[in-house]
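*Asks:* Have a look at the structure that comes next, please.
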Amino acid sequence: MKKLFFAFAVLFSVMTNAQEFRQIPLVNVSGEGKIKVVPDQVAIQVSVVSKGNKSADVKKENDTKVDAIIKYIKKMGVDVKDFQTLRVYLNDEYDYEKKKHNYVATQTINILIKDLSKYDELMEGLTDTGVNNISGIEFKSSKEETLKANARKLAVIDAKQKAEELVTALGQKVGKAFTITDNSPVSYPQPRYEMAMMKMADGIAGNDTLAAGEIEITANVSVSFVLE
């Protein structure tokens with residue numbers, strides 16, 4: 001009797017586990033959400049490059065220019081948390097033919113401009129103060145996190161619409177979401193800066209050298225829905 005009860009218990013356990021691990025019918029789809037917005041901020045990377053045949057002199061010259069640039073940035077009302085030194089280099093570019101040492105010192109600063117109306121004045125002042133290299137520009141929005149969240153919501157809605165289109169053709173319904181994966185890096189288009197530099201070099205007062213346009217915030221999700 002005990003053996004019979006044990007065998008029944010084992011059989012019941014196996015049947016229960018089999019039910020628990022039965023395959024769930026799913027429909028797997030991806031969704032995309034896009035939001036376009038006019039940027040209200042811009043981040044720029046500027047550098048000071050100094051050259052010479054004595055490392056100490058080159059570094060000193062570079063430090064002097066950077067000191068003047070930082071003071072100018074503060075004078076323009078940029079908050080201290082909105083600019084940061086990114087890179088500091090001192091390289092020996094040895095000329096084997098002339099057997100001569102040439103040193104290059106570079107310091108790069110990232111600046112976040114939260115008032116786009118100050119852009120032209122700031123850039124002109126930076127170049128006058130000693131900036132001789134501009135390596136990057138990126139438009140941003142002060143509402144970035146909110147826009148990201150809204151883009152993700154749109155991506156989920158898009159995924160559900162795709163799932164319903166697929167499932168309706170089968171005469172079934174879309175059930176609850178089984179898994180949701182957010183795989184959406186947010187990217188901003190980066191316009192070319194060379195044209196703006198050319199305009200600024202012309203020295204024509206009142207020129208607008210920044211075309212902000214629109215930035216697009218994109219979110220992508222993968223969703224598995226239960227089939228009903």
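The values are calculated or read from the model by the stated rules, or taken from the named source; none is laboratory data. Quick caveat, the model's predicted, so the values are computed rather than measured. Please note: Cβ atoms are built from the backbone with ideal geometry, for glycine as well, and neighbour counts cover all protein chains shown. These area figures cover heavy atoms from the full protein model, side chains too; ligands, DNA and RNA do not enter into them. Shrake-Rupley method; radii C 1.70, N 1.55, O 1.52, S 1.80 Å.
*Asks:* May I ask you to verify whether Glu138 is within 30 Å of Glu216 (Cβ to Cβ), part of a strand (DSSP E or B) and either open to solvent by 40 Å² or more (accessible area, probe 1.4 Å) or out of contact with any helix residue (DSSP H, G or I) (no Cβ under 9 Å at 6 or more places or on another chain) (or both)? Working first, answer last.
*Replies:* Values: within 30 Å of Glu216 (Cβ to Cβ): yes; part of a strand (DSSP E or B): yes; either open to solvent by 40 Å² or more (accessible area, probe 1.4 Å) or out of contact with any helix residue (DSSP H, G or I) (no Cβ under 9 Å at 6 or more places or on another chain) (or both): yes.
Against the criterion (within 30 Å of Glu216 (Cβ to Cβ), part of a strand (DSSP E or B) and either open to solvent by 40 Å² or more (accessible area, probe 1.4 Å) or out of contact with any helix residue (DSSP H, G or I) (no Cβ under 9 Å at 6 or more places or on another chain) (or both)), Glu138 qualifies.
*Asks:* Being within 15 Å of Lys114 (Cβ to Cβ), in contact with a strand residue (DSSP E or B) (Cβ under 9 Å, 6 or more places away or on another chain) and not basic (Lys, Arg) is the filter here, so list the residues in the range 77-93 that pass it.
*Replies:* As a first pass, look at the range 77-93 and keep what is within 15 Å of Lys114 (Cβ to Cβ): 77-84.
When the remaining residues are screened for being in contact with a strand residue (DSSP E or B) (Cβ under 9 Å, 6 or more places away or on another chain), the result is 78-79, 81-84.
Within the range 77-93, Val78, Asp79, Asp82, Phe83, Gln84 qualify.
*Asks:* If we keep just the residues of the range 149-164 that are open to solvent by less than 40 Å² (accessible area, probe 1.4 Å) and touching a Ser or Thr at 6+ places or on another chain (Cβ under 8 Å), which is nearest to Glu216 (Cα to Cα)?
*Replies:* Ala151
*Asks:* Using beta carbons and a limit of 6 Å, which pairs, at least six apart or on different chains, have the first residue in the range 55-70 and over 23 Å from Asp82 (Cβ atoms) and the second one buried (at least 17 other Cβ atoms within 10 Å of the Cβ) and not basic (Lys, Arg)?
*Replies:* What qualifies is Ser55/Tyr103; Val58/Ser50; Val58/Gly52; Val58/Tyr103; Val58/Ala105; Lys59/Ala105; Glu61/Ser50.
To keep it simple, each residue is scored yes or no on (1) more than 18 Å from Ala43 (Cβ to Cβ); (2) small (Gly, Ala, Ser).
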position: Met123; (1), (2): no, no
position: Leu126; (1), (2): no, no
position: Thr129; (1), (2): yes, no
position: Lys148; (1), (2): no, no
position: Val156; (1), (2): yes, no
position: Lys160; (1), (2): yes, no
position: Glu164; (1), (2): yes, no
position: Val167; (1), (2): yes, no
position: Gly171; (1), (2): yes, yes
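*Asks:* If you don't mind, another one. Scan the range 210-228 for residues that are more than 29 Å from Glu121 (Cβ to Cβ), among the small types (Gly, Ala, Ser) and surrounded by fewer than 21 Cβ atoms within 10 Å (Cβ to Cβ) and jot them down.
*Replies:* Ser222, Ser224
*Asks:* Also, quick follow-up: Can you spot a residue in the range 123-130 that is within 23 Å of Glu214 (Cβ to Cβ), under 27 Å from the mean Cα position of the chain (by Cα), open to solvent by less than 70 Å² (accessible area, probe 1.4 Å) and not β-branched (Val, Ile, Thr)? Step through it out loud before you land on a result.
*Replies:* At the first step, the residues of the range 123-130 found to be within 23 Å of Glu214 (Cβ to Cβ) are 123.
Going one step further and asking which of them are under 27 Å from the mean Cα position of the chain (by Cα), we end up with 123.
Narrowing further to those that are open to solvent by less than 70 Å² (accessible area, probe 1.4 Å): 123.
Subset that is not β-branched (Val, Ile, Thr): 123.
There is at least one residue in the range 123-130 that is within 23 Å of Glu214 (Cβ to Cβ), under 27 Å from the mean Cα position of the chain (by Cα), open to solvent by less than 70 Å² (accessible area, probe 1.4 Å) and not β-branched (Val, Ile, Thr).
*Asks:* For the subset of the range 61-88 comprising residues that are of a type in the set (Ser, Thr, Tyr) and assigned to a helix (DSSP H, G or I), which member is nearest to Ile111 (Cα to Cα)? Walk me through it before giving the result.
*Replies:* Going residue by residue through the range 61-88, those that are of a type in the set (Ser, Thr, Tyr) are 64, 72, 85.
Those still in the list that are assigned to a helix (DSSP H, G or I) too: 64, 72.
On the way: Thr64: 19, Tyr72: 12 Å.
Ranking the candidates gives Tyr72 first.
*Asks:* Pick from Leu26, Leu86: which is closer than 18 Å to Gly130 by Cβ and surrounded by fewer than 17 Cβ atoms within 10 Å (Cβ to Cβ)?
*Replies:* Answer to the check: Leu86.
*Asks:* Give all pairs with beta carbons closer than 8 Å in which a residue from the range 85-104 that is farther than 30 Å from Lys74 by Cβ meets a residue that is part of a strand (DSSP E or B) and modelled with pLDDT of 90 or more; count only pairs at least 6 apart in sequence or on separate chains.
*Replies:* Asp92/Tyr103; Glu93/Tyr103; Glu93/Val104; His101/Asp92; Asn102/Lys51; Asn102/Gly52; Asn102/Asp92
*Asks:* Residue by residue through the range 141-153, note down the ones that are among the basic types (Lys, Arg) and part of a helix (DSSP H, G or I).
*Replies:* Residues satisfying the conditions are Lys148, Arg152, Lys153.
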